[in-house]
Amino acid sequence: MYPITNISYSFDVATDWGLDPNAMYPIKILCVPAMCTKNGHFAYQEFEFGQYDLVVISDIEYFRQSEIHQWIKENNIKNYVLALGGLHPGTELLSNELYRPWWSFNLLKFNQQETSSQSPEFDFDCLLGARRPHRDFAMLALQHTGLINTSIATYRDFFHGATVNNQNQEFANMFPEQTLNFPYVSDNLNPAWEVNQPLDRSISPYMPWNIYHRCRYSIVCETLGTGDCFFMSEKTAKAIFAGRVFLMFSNKDFLSNLRSLGFETFGSVIDESYDSNPLDFERFTLIMQQMTWLAEQDYSQVMAKLKPVIEHNKNRLFELQKEKQSQMKLLLDHKLKS
């Protein structure tokens, strides 16, 4: 019997797979983040992969399956299981692989459901996090429509981001009358409503309940705003967990991919045709139009119509977690028995 070698840095791979880091197993198991020997990816460290009977791999970001396969080949890893964090077009999962949205499930470990009886006084919450081009657009849209004055928005510079494409200036040119609010904290936000003080990246798994209870709807700006990868992070999971009606600033077909996981979206009320538009600036412009339209609707009627969707999605989030945990257990049991 052997102890697990569990390389844990920003997250715990063994726990992700339901393994007990302190238990003994009949084979030698190494648990590592995907791409961990690549400089800049979680842990730049060399391993003697060949001495292990099984390598358990977790990707919590959105590496392409082909990239991880190449890394596996380069390191001569013969026997492994792999959990992907994102799905790219053309991904065909092998028998020892699966997809699971790690960040969404991580959120469930830190939060409990809350309800509120108060009537929300603001239109949207829009908590933008690290700077990205599509988040620039969302902020400019709030400014352009005047919804910035009736919403709670934050766009802080201590969440260090990176420009993922050159759309910042392109989007700015669409709003020549606006100067981007960055960094920005809404005057409507009472500091007592914040998740925690001081604010830093550690707040990402925690629910901003005090803000949600005061806003009618959410504007969700996912990690990715362009490209072809479906990456469901805690940002989407927060909106689902909290029972929010939301508009989604993300890449093309995000809502369609969400539905493929068993979730429902809000097409019975909101025109969600924006989701299929392949041009980022057109897709985001259509979302901006829905922002204005939704703010003008009767809130109680919208919520009454969408209540079944909201309840289904909250239940589905937990169902999906159980399904993925069961799949991961089956993969491991098969490897341990064989």
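The values are calculated or read from the model by the stated rules, or taken from the named source; none is laboratory data. Note that the structure is a prediction, hence the values are computed from the model and not measured. Glycine also receives a Cβ, built like all others from the backbone with ideal geometry; neighbour counts cover every protein chain displayed. Side chains included, ligands, DNA and RNA excluded: accessible areas come from the protein's heavy atoms. Shrake-Rupley method; radii C 1.70, N 1.55, O 1.52, S 1.80 Å.
Considering only residues that are open to solvent by 10 Å² or more (accessible area, probe 1.4 Å) and among the β-branched types (Val, Ile, Thr), which ones fall in segment 273-301?
Selection gives Thr285, Thr292.
Out of all the residues in segment 274-298, which are among the charged types (D, E, K, R) and within 21 Å of Glu121 (Cβ to Cβ)? Step through it out loud before you land on a result.
Taking segment 274-298 first, the residues among the charged types (D, E, K, R) are 275, 280, 282-283, 296, 298.
Listed by number, the residues that qualify are Glu296, Asp298.
Any chance you could count how many residues in segment 262-272 are more than 15 Å from Met232 (Cβ to Cβ) and either of a type in the set (S, T, N, Q) or open to solvent by 10 Å² or more (accessible area, probe 1.4 Å) (or both)? Quick ask: steps written out before the conclusion?
Initially, segment 262-272 is screened for residues more than 15 Å from Met232 (Cβ to Cβ), giving 266-272.
Add one more test, that the residue is either of a type in the set (S, T, N, Q) or open to solvent by 10 Å² or more (accessible area, probe 1.4 Å) (or both), and what stays is 267-269, 271-272.
Number satisfying all stated conditions: 5.
Restricting the search to segment 268-302, which residues are within 21 Å of the chain's Cα centre (by Cα) and not in a helix (DSSP H, G or I)?
Result: Asn277, Pro278.
Of all the residues that make up segment 170-189, how many are free of Cβ contacts under 8 Å to residues at least 60 places away in the same chain, open to solvent by 20 Å² or more (accessible area, probe 1.4 Å) and touching a helix residue (DSSP H, G or I) at 6+ places or on another chain (Cβ under 8 Å)? Show your work before the answer.
Looking only at segment 170-189, we keep the residues that are free of Cβ contacts under 8 Å to residues at least 60 places away in the same chain, and these are 172-173, 175-187, 189.
Restricting the remaining residues to those that are open to solvent by 20 Å² or more (accessible area, probe 1.4 Å) gives 172-173, 176-185, 187.
Filter once more, keeping what is touching a helix residue (DSSP H, G or I) at 6+ places or on another chain (Cβ under 8 Å): 172, 177-178, 180-182, 184.
Selection size over segment 170-189: 7.
Consider Ala239 carefully, then state whether it is without any contact (Cβ under 8 Å) to a residue 60 or more places away in the chain, outside any loop (DSSP other than H, G, I, E, B) and open to solvent by 20 Å² or more (accessible area, probe 1.4 Å). Walk me through it before giving the result.
Values: without any contact (Cβ under 8 Å) to a residue 60 or more places away in the chain: yes; outside any loop (DSSP other than H, G, I, E, B): yes; open to solvent by 20 Å² or more (accessible area, probe 1.4 Å): no.
Considered against the rule, which asks whether it is without any contact (Cβ under 8 Å) to a residue 60 or more places away in the chain, outside any loop (DSSP other than H, G, I, E, B) and open to solvent by 20 Å² or more (accessible area, probe 1.4 Å), Ala239 comes out as no.
Being open to solvent by 10 Å² or more (accessible area, probe 1.4 Å), within 25 Å of Val302 (Cα to Cα) and in a loop (DSSP other than H, G, I, E, B) is true for just one of Arg259, Arg244. Which residue is that?
Being open to solvent by 10 Å² or more (accessible area, probe 1.4 Å), within 25 Å of Val302 (Cα to Cα) and in a loop (DSSP other than H, G, I, E, B) holds for just one of Arg259, Arg244, which is Arg244.
When you scan segment 108-117, do you find a residue that is of a type in the set (Ser, Thr, Tyr), at pLDDT 95 or above and loosely packed, with under 15 Cβ neighbours inside 10 Å, even just one?
Going residue by residue through segment 108-117, those that are of a type in the set (Ser, Thr, Tyr) are 115-117.
Now drop any that are not at pLDDT 95 or above, which leaves none.
Among the residues of segment 108-117, not one is of a type in the set (Ser, Thr, Tyr), at pLDDT 95 or above and loosely packed, with under 15 Cβ neighbours inside 10 Å, which makes the answer no.
Do you know which of the residues in segment 76-104 that are outside any loop (DSSP other than H, G, I, E, B), crowded, with 19+ Cβ neighbours inside 10 Å and among the hydrophobic types (A, V, I, L, M, F, W, C) is farthest from the chain's Cα centre (by Cα)?
Top of the filtered list is Val81.
I need the full set of residues from segment 5-30 which are buried (at least 16 other Cβ atoms within 10 Å of the Cβ) and in contact with an Asp or Glu (Cβ under 8 Å, 6 or more places away or on another chain), in order please.
Once the filter is applied, which keeps residues that are buried (at least 16 other Cβ atoms within 10 Å of the Cβ) and in contact with an Asp or Glu (Cβ under 8 Å, 6 or more places away or on another chain), segment 5-30 yields Asn6, Ala14, Ile29.
Being in contact with a helix residue (DSSP H, G or I) (Cβ under 9 Å, 6 or more places away or on another chain), outside any helix (DSSP H, G or I), of a type outside the set (Lys, Arg) and without any contact (Cβ under 8 Å) to a residue 24 or more places away in the chain: is that true of Gln112 here? Lay out the reasoning, then the answer.
Working: in contact with a helix residue (DSSP H, G or I) (Cβ under 9 Å, 6 or more places away or on another chain): no; outside any helix (DSSP H, G or I): yes; of a type outside the set (Lys, Arg): yes; without any contact (Cβ under 8 Å) to a residue 24 or more places away in the chain: yes.
Spelling it out, it is not the case that Gln112 is in contact with a helix residue (DSSP H, G or I) (Cβ under 9 Å, 6 or more places away or on another chain), outside any helix (DSSP H, G or I), of a type outside the set (Lys, Arg) and without any contact (Cβ under 8 Å) to a residue 24 or more places away in the chain.
Can you name every residue in segment 33-75 that is in a strand (DSSP E or B) and at pLDDT below 95? Give the derivation first.
If we filter segment 33-75 for residues that are in a strand (DSSP E or B), which is where we start, we get 33, 54-58.
Hit for segment 33-75 is Pro33, nothing else.
What is the residue count in segment 196-215 for residues that are open to solvent by 40 Å² or more (accessible area, probe 1.4 Å) and out of contact with any strand residue (DSSP E or B) (no Cβ under 6 Å at 6 or more places or on another chain)? Walk me through how you get there before you give the answer.
Taking segment 196-215 as the starting set, the residues that turn out to be open to solvent by 40 Å² or more (accessible area, probe 1.4 Å) are 196-198, 200-202, 206, 210, 214.
After this cut, where a residue has to be out of contact with any strand residue (DSSP E or B) (no Cβ under 6 Å at 6 or more places or on another chain) as well, the list is 196-198, 200-202, 206, 210.
Result for segment 196-215: 8.
Any residue in segment 208-218 that is without any contact (Cβ under 8 Å) to a residue 60 or more places away in the chain and either touching a Lys or Arg at 6+ places or on another chain (Cβ under 7 Å) or of a type outside the set (Phe, Trp, Tyr) (or both)?
So the first thing to find is which residues in segment 208-218 are without any contact (Cβ under 8 Å) to a residue 60 or more places away in the chain, and the list is 210.
Still in the list and also either touching a Lys or Arg at 6+ places or on another chain (Cβ under 7 Å) or of a type outside the set (Phe, Trp, Tyr) (or both): 210.
Yes, segment 208-218 has at least one match.
Test Glu323 against the criterion of being open to solvent by 70 Å² or more (accessible area, probe 1.4 Å) and more than 30 Å from Asn79 (Cα to Cα), and give yes or no.
No.
Condition check ((1) among the small types (Gly, Ala, Ser); (2) touching a strand residue (DSSP E or B) at 6+ places or on another chain (Cβ under 7 Å)) across all residues:
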| residue | (1), (2) |
| --- | --- |
| Ile148 | no, no |
| Ser151 | yes, yes |
| Tyr155 | no, yes |
| Glu177 | no, no |
| Asn181 | no, yes |
| Leu189 | no, yes |
| Glu194 | no, no |
| Thr223 | no, no |
| Phe230 | no, yes |
